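**Q** Starting off with a structure, shown below.
Rule-based calculations on the coordinates, nothing more; no lab input. Owing to the predicted nature of the structure, the values given are computational and were not obtained by experimental measurement. Note: ideal-geometry Cβ built from the backbone for every residue, glycine included; neighbour counts use all protein chains shown.
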Amino acid sequence: MPEGREGIYSVVLFHSVSGALRAEKLIKEAGIEYKLIPVPRHLSSDCGLCLRFRTEDEGRIREILRGKVEVQDICPL
Amino acid sequence: MRDGVIYLDNAATSWPKPPETFKAMEEFMLSVGANPGRSGHRLSIEAGRVILEAREALAALFGVDDPLRIVFTRNATEALNLVLYGLLRPGDHVITSSMEHNSVMRPLRDLQEKGVELTVVEASPRGELDPQDVEGAIKENTRLIVLTHASNVTGTLMPLTEIGQIARRKGVPLCVDSAQTAGAYPIDVEAMGIDLLAFTGHKSLFGPQGTGGLFIRKGLEEAIRPLLRGGTGSRSELEEQPDFLPDKYESGTPNTVGIAGLGAGVRFLLSEGMERIRAKEEALTQTLLEGLSDTPGVTLYGTCDPRRQIAVVSFNIDGLSPSEVAMALDEEFGVLTRPGLHCAPSAHRTIGTFPQGTVRLSAGYFTTEEEIGMALRAVQELAARARKGGSTHG
Ligand SMILES: Cc1ncc(COP(=O)(O)O)c(C=O)c1O
């Protein structure tokens, strides 16, 4: 499973599903590659859903979400 | 004419709804159906998206930048109860107007018994509120100003922008009851200085009954306790209610099918354009007001100026009770209206029509000039008969 390779992907964790879906919309509009996935067991989150992205996009994603959607945490997979 | 009736009771609930509303509801029931924000599978996520899109449409309509600051409730009544019971505590002072609906007045009278101090600012006999009177009522312990945007009895628009400025200057939050205006008259929470906006889904927003909500300005949620606590699909490890929006105020499975319809209704009106909707309703109101003011034996209430009111017109016919008039309009002419006190006894006291009330005609975006013409002729006929014989019967 090459997808799971360390360092390539990170996830954004949210307080609520509403927050995750709102972020999804903004990130989709920006044309950034992402996937909504269940929160991996080794991470803990307020809501069951998180947004996985390529770690290289972290800066852009932080920029897009700043002041728009409250993020619980961003961490590497 | 639609199904043999002229529906002039849009202030109670709008009808007909645009087909977009029930198509979205059918689509949700047929193809999505799942519980939003609970399970994480594709249909659950899709249900969550349906709700988010409704929040986004409402945010666009009201000039709200963060859609998650809009929480859904069953109707405006629940949103208003949430604000009043959630925010006010014994010793706090709250200001309202004499033109309010019972969805504001009854919670406030109850809170008054529980130690909240209440000032009801008198509007003029034509339903107009003077911003200076509101400013004059503000005290050290004033915690909230709560006002309707437009009266559901006379249609009179309240000077919200001026009051919003006063509230800002004095540091008092302003809560607006937009049950009668959301979707019928432009609302911008920033420009109008609105901190809390209660809306109902089933009137001019073209959603189904059982939908409504509240915009909450950032920071105010810290002071507003939820009405209900329970499952939110978030922070499930905690036995305490989450403190973030919208989950803090959205416990339990929501009315997703209703919210699907509401979202579609709001997108419909956004695509028609607020200006166009307002222009049409203003023109219908003008025709109604002109026709009624020319009718001998008819008394009109409010400012009688279509630019200063929404499409709600109250009148009486000399010698007849409002319910006699409404019944004759329905049975003989198929014109559906609402007689009586319109859940707003204080507003009727203000305009001098308590306790008998008035007959209320309320047009909507789908009302035609032709229907207004037919309704006017019906009222004219009843007024002519009353002048001759004092009865509704011909
Ligand atoms: C001015 C006003 N406020 C509040 C409400 C309450 O709306 P709802 O019955 O949808 O809660 C209404 C409508 O009945 C109204 O006209």
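**Q** Can you tell me how segment B:274-388 classifies by the Cα gyration tensor, rounded, prolate or oblate, using a/c under 1.5 as the rounded cut?
**A** Details: a/c = 1.68, a/b = 1.21, b/c = 1.39.
Cα axes put segment B:274-388 in the oblate bin.
**Q** Could you give the distance between the Cα centres of segment B:269-323 and segment B:21-76, to the whole Å?
**A** Centre-to-centre (Cα) distance: 34 Å.
**Q** Rank-order B:150-162, B:89-101, B:200-212, B:324-336 by packing density, defined as the average count of other C-beta atoms within 10 Å over each peptide's residues, highest first. Can you show the working numbers first?
**A** On the way: B:150-162: 24.7, B:89-101: 20.9, B:200-212: 26.5, B:324-336: 19.0.
The peptides rank, most packed first, as B:200-212, B:150-162, B:89-101, B:324-336.
**Q** Something else now. Arrange A:E24, B:E369 by Cβ neighbour counts within 10 Å, fewest through most, would you? Don't skip to the answer; put the middle values down first.
**A** On the way: A:E24 22, B:E369 12.
With the fewest neighbours first, A:E24, B:E369 line up as B:E369, A:E24.
**Q** Using just the helices of chain B, give the 222 nm mean residue ellipticity in deg cm²/dmol: DSSP H runs with n ≥ 4 each add -39,500 (n - 2.57), and the total is spread over all residues, rounded to 500.
**A** Computed mean residue ellipticity for chain B: -12000 deg cm²/dmol.
**Q** Amide H of B:S97 versus every other amide H placed in the peptide plane: which residues, excluding those fewer than 5 positions away on the same chain, fall under 5 Å?
**A** Under 5 Å from the amide H of B:S97: B:V121, B:T148.
**Q** What order do you get for B:L245, B:L228, B:L220 when you list them from fewest to most C-beta neighbours inside 10 Å?
**A** Working: B:L245 21, B:L228 12, B:L220 17.
So the ranking, lowest neighbour count to highest, is B:L228, B:L220, B:L245.
**Q** So if I place +1 on the C-beta of Lys and Arg and -1 on the C-beta of Asp and Glu, and nothing else carries charge, what would the dipole magnitude of segment B:274-388 be about its Cα centre? I want it in debye, nearest 20. Could the numbers behind the result be given before it?
**A** Details: 12 positive and 15 negative charges, 75 e Å.
Value, rounded to 20: 360 debye.
**Q** May I ask you to order B:344-351, B:248-255 by the average number of other C-beta atoms within 10 Å around their residues, highest value first?
**A** Details: B:344-351: 22.9, B:248-255: 19.5.
In descending order of packing, they fall as B:344-351, B:248-255.
**Q** In nanometres, what is the gap between the two model label sites at B:A223 and B:D66, each 7 Å from Cα along Cα-to-Cβ?
**A** Calculated label separation equals 1.7 nm.
**Q** Of B:A182, B:G201, B:G219, which is farthest along the charge dipole of chain B in the positive direction, counting Lys and Arg as +1 and Asp and Glu as -1 at C-beta?
**A** With unit charges placed on the Cβ atoms, the residue in question is B:G219.
**Q** Which value, in debye to the nearest 20, describes the size of the charge dipole of chain B about its Cα centre when Lys and Arg Cβ atoms bear +1, Asp and Glu Cβ atoms bear -1, and nothing else is charged? Walk me through the intermediate numbers first.
**A** Values: 39 positive and 51 negative charges, 65 e Å.
About 320 debye.
**Q** Given the alpha-carbon gyration tensor of the protein assembly as shown, what are the semi-axes of its equivalent ellipsoid in whole angstrom, ordered largest first, with each equal to the square root of 5 times an eigenvalue?
**A** Equivalent ellipsoid semi-axes, largest first: 46, 26, 17 Å.
**Q** Okay, moving on. Which of the three applies to segment B:243-340, rounded, prolate or oblate, going by the alpha-carbon gyration tensor with a ≥ b ≥ c and a/c under 1.5 meaning rounded?
**A** Numbers: a/c = 2.64, a/b = 1.88, b/c = 1.40.
Taking the square roots of the gyration eigenvalues as a ≥ b ≥ c, segment B:243-340 is prolate.
**Q** Please rank B:E78, B:E275, B:E46, fewest neighbouring Cβ atoms within 10 Å first, as an exposure proxy.
**A** With the sparsest Cβ surroundings first, the list reads B:E275, B:E46, B:E78.
**Q** Nearest 20 debye, what's the magnitude of the dipole of the protein assembly as shown about its Cα centre given +1 on Lys and Arg Cβ and -1 on Asp and Glu Cβ?
**A** Details: 51 positive and 63 negative charges, 85 e Å.
In total the dipole reaches around 400 debye.
**Q** Per residue of A:17-29, what is the mean number of Cβ atoms on other protein chains within 10 angstrom of that residue's Cβ? Write down the numbers at each step before the final one.
**A** Working: counts 16, 17, 7, 6, 13, 8, 0, 4, 5, 0, 0, 0, 0.
Partner Cβ neighbours, averaged per residue: 6.
**Q** By its C-alpha gyration tensor, with a ≥ b ≥ c as the square roots of the eigenvalues, how is chain B shaped: rounded for a/c under 1.5, else prolate for a/b larger than b/c, else oblate? Intermediate results must be reported in sequence, preceding the final value.
**A** Values: a/c = 2.15, a/b = 1.36, b/c = 1.58.
Oblate.
**Q** Still on this model: Considering the Cα trace of segment B:1-105, what is its radius of gyration and what is Dmax, both in angstroms?
**A** Values for segment B:1-105 (Cα only, Rg and Dmax): 18.5, 54 Å.
**Q** Related question: Can you work out the FRET efficiency for the pair B:D3 and B:R276, with r the C-beta to C-beta distance and R0 = 22 Å, to the nearest 0.05?
**A** For R0 = 22 Å, the calculated efficiency reads 0.30.
**Q** Please work out the Cα convex hull volume for segment A:9-76 and give it in Å³ per residue. Numbers along the way, then the final one.
**A** On the way: hull volume 4.7 nm³, N = 68.
So the per-residue Cα hull volume is 69 Å³.
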